[in-house]
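These notes concern the structure reproduced below.
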Amino acid sequence: MFTKRMRWLIGMLLALALVAAACGGNDDDDADAPAPAPATEAPAAPEPEPEAAEPETEEAAPAEPEPESAEAPEEEEPEFEPAPTEEPEPEIPLTATWRGVTADTITVGVSYLDIDQLVELGFSPASWGDQELVIQALADDINERGGINGRRLEVVTDKYSPIGATEAEAACLRLTEDNEVFAVLFGFLGPAEVANTCIVDQQETILVGGTITEERLAVARAPWVTERSTREQNTAALFTLLEEEGMLQGRAIAVVADLPAAAQLEEVGGLLRERGVEPVLEVATSSQVADLVAQNQEWAALSERIRASGADTLLLVGNVSAGIENSAINGLEVDIWATDPSGLGGNIGSNVNPESARGVITASSMTGAQVYETDPRFKECLDAFNSRHPDIEVKHPDTLEEGEPVWFTNLFGHCRFFQLFELLATAAGPNLTHETFAEAINNATQFSIASQPFASFGPDKLTSNDSFQLVAQDPDLGARGQLVPIGPMRDATP
């Protein structure tokens, strides 16, 4: 599995922004030891039987040995003694252990995307509903279940624009300096994601969310995990699943990366070669994602190169919108695969004809429909929200009318961040610090969160998702299409 599964400038905003909520077990608790049974009174000792008279001795032939008794005499069972009871360990008194952690509370910041701005600009088809309402409901649910190791969770929210990093950096400072939170959930996406280093580096604050890269992680001075798999993990999972289904070998694949993903082009080609597939074309586009005119002009020439290469499959790395739409416009007869699922499903670009994306294949965690219908971890969050706001209907993502608020995406996205934080902060114990939180990350080797039945962290694994399946775009579902499974869900981490 929500990667763990980018858009620079306006054109890539929707895909990356929605991936936090788009639509891609804990070890069993020790059983309680049975209480010792009460001691019973010892049975009364039996009265001794009279001894038989000793026979007179005779000087006859030696007597034959007595035959062994058929049944050995029963041994008297020892009196039952209950096991000694161990003295319970004394409870650690709760104290202030770190900035944002008092004896009674843990304060976290939750940054959230100004999705309404994207709707106004035409880059998102619908609002997500009131995000602050969802955030508070999830925090209240944790508190009503006893909080985290006895401390109540308090949330401070801050909205940011994904267009550039200015608002995100200001939100970072308000959360970490003005409110002195222990951790930030969600982080920043799209062009604003560069501000994530403000959290983990300059402000030395824990981050659960955002997009982790090697460069950003290298400067982090606080623990950082995310629910999202990296593009490299998505790509490797895609090739593994295709290979297992017998769909990879014998393909003539043209690999095309958009400008922001150009750095991944060589690695993607290398992953194919490791599996015995030599790409027939490897190229990165040079036009800006937001410049649709320049994109279309570049793709007109690129389509001829793809056709001349003899490719039967087009592998898109990064933003899929331009490749999907221009393949249809220029009449390319190729199968289309995508390394990044974030721009598919209901998040397909507004400049793409939904029919053009029919049958595009990628790898993802659970689809929105699967999450809504079958995921017990999502149902926990759904029940928590419904019990507090019964007047708001969180509809199935495939049944929404065009323009209707997508409460599902709102709830689903925030649900995962709260589940991850609760898991790790609880495992960190009463002495909640950066060090104990980092130790909890290292030891979280098996768990599940919403949309990720298989998930794990570790010393060298900071993205939770291990859950992958092959999915294909179906434009007949939802307002603009949905991804549907075409293969089984697998655990990508042995």
Q. Which condition does Ala492 not pass, out of (1) among the hydrophobic types (A, V, I, L, M, F, W, C); (2) open to solvent by 30 Å² or more (accessible area, probe 1.4 Å); (3) under 22 Å from Glu380 (Cα atoms), if it passes all the others?
A. (3)
(Q) One residue is enough: does segment 472-487 have a residue meeting the conditions open to solvent by 10 Å² or more (accessible area, probe 1.4 Å), within 14 Å of the chain's Cα centre (by Cα), aliphatic (A, V, I, L, M) and farther than 19 Å from Ile212 by Cα? (A) no
Q: Could you check, for segment 355-369, whether at least one of its residues is modelled with pLDDT of 95 or more, touching a helix residue (DSSP H, G or I) at 6+ places or on another chain (Cβ under 6 Å) and outside any helix (DSSP H, G or I)?
A: yes
Q) Any idea which of Gly122, Gly146 is in a loop (DSSP other than H, G, I, E, B), farther than 26 Å from Cys381 by Cα and either open to solvent by 10 Å² or more (accessible area, probe 1.4 Å) or at pLDDT 95 or above (or both)? A) Gly122
Q) Which one is modelled with the lowest pLDDT, of the residues in segment 472-484 that are touching a helix residue (DSSP H, G or I) at 6+ places or on another chain (Cβ under 7 Å) and on the phi < 0 side of the Ramachandran plot? A) Ala479
Q: Can you confirm whether segment 437-444 contains a residue that is in a loop (DSSP other than H, G, I, E, B) and touching a helix residue (DSSP H, G or I) at 6+ places or on another chain (Cβ under 6 Å)?
A: no
Q: For segment 469-494, enumerate the residues that are more than 17 Å from Met247 (Cβ to Cβ) and of a type in the set (D, E, K, R).
A: Asp474, Asp476, Arg480, Asp491
Q.
Tally up the residues in segment 223-261 that are closer than 15 Å to Lys461 by Cα and either β-branched (Val, Ile, Thr) or not in a helix (DSSP H, G or I) (or both), please.
A. 8
Q. Taking segment 262-278 as the region of interest, how many residues are more than 29 Å from Phe457 (Cα to Cα) and open to solvent by 30 Å² or more (accessible area, probe 1.4 Å)?
A. 2
(Q) From the list Phe418, Phe454, exactly one residue is under 26 Å from Leu217 (Cα atoms), part of a strand (DSSP E or B) and not small (Gly, Ala, Ser). Which is it? (A) Phe454
(Q) Restricting to segment 374-391, name every residue that is out of contact with any helix residue (DSSP H, G or I) (no Cβ under 6 Å at 6 or more places or on another chain), part of a helix (DSSP H, G or I), closer than 21 Å to Asp466 by Cβ and not β-branched (Val, Ile, Thr). (A) Pro376, Arg377, Lys379, Glu380
Q. Name the pairs: first residue in segment 240-253 and closer than 13 Å to Ile336 by Cα, second residue among the aromatic types (Phe, Trp, Tyr) and open to solvent by less than 60 Å² (accessible area, probe 1.4 Å), Cβ to Cβ under 7 Å, at least 6 apart or on different chains?
A. Leu248/Phe239
(Q) Every residue in segment 212-236 that is at pLDDT 95 or above, out of contact with any Gly (no Cβ under 9 Å at 6 or more places or on another chain) and either of a type in the set (Gly, Ala, Ser) or buried (at least 17 other Cβ atoms within 10 Å of the Cβ) (or both), please. (A) Ala218, Ala220, Ala222, Pro223
Q: Go over the candidates Glu333, Glu380, Glu373 one by one and state the one that is more than 27 Å from Leu138 (Cβ to Cβ) and among the acidic types (Asp, Glu).
A: Glu333
**Q.** Selection status of Gly331, surrounded by 19 or more Cβ atoms within 10 Å (Cβ to Cβ), on the phi > 0 side of the Ramachandran plot and out of contact with any Pro (no Cβ under 8 Å at 6 or more places or on another chain)
**A.** no
Q: Hey, can you tell me all the residues within segment 398-415 that are among the hydroxyl-bearing types (Ser, Thr, Tyr) and either open to solvent by less than 40 Å² (accessible area, probe 1.4 Å) or assigned to a helix (DSSP H, G or I) (or both)?
A: Thr409
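The values are calculated or read from the model by the stated rules, or taken from the named source; none is laboratory data. On a predicted model such as this, the values are computed, not experimentally measured, just so you know. Ideal geometry is used to build each Cβ from the backbone, glycine not excepted, and the neighbour counts take in all protein chains shown. Surface areas here come from the heavy atoms of the whole protein model, side chains and all, with no ligands, DNA or RNA. Shrake-Rupley method; radii C 1.70, N 1.55, O 1.52, S 1.80 Å.
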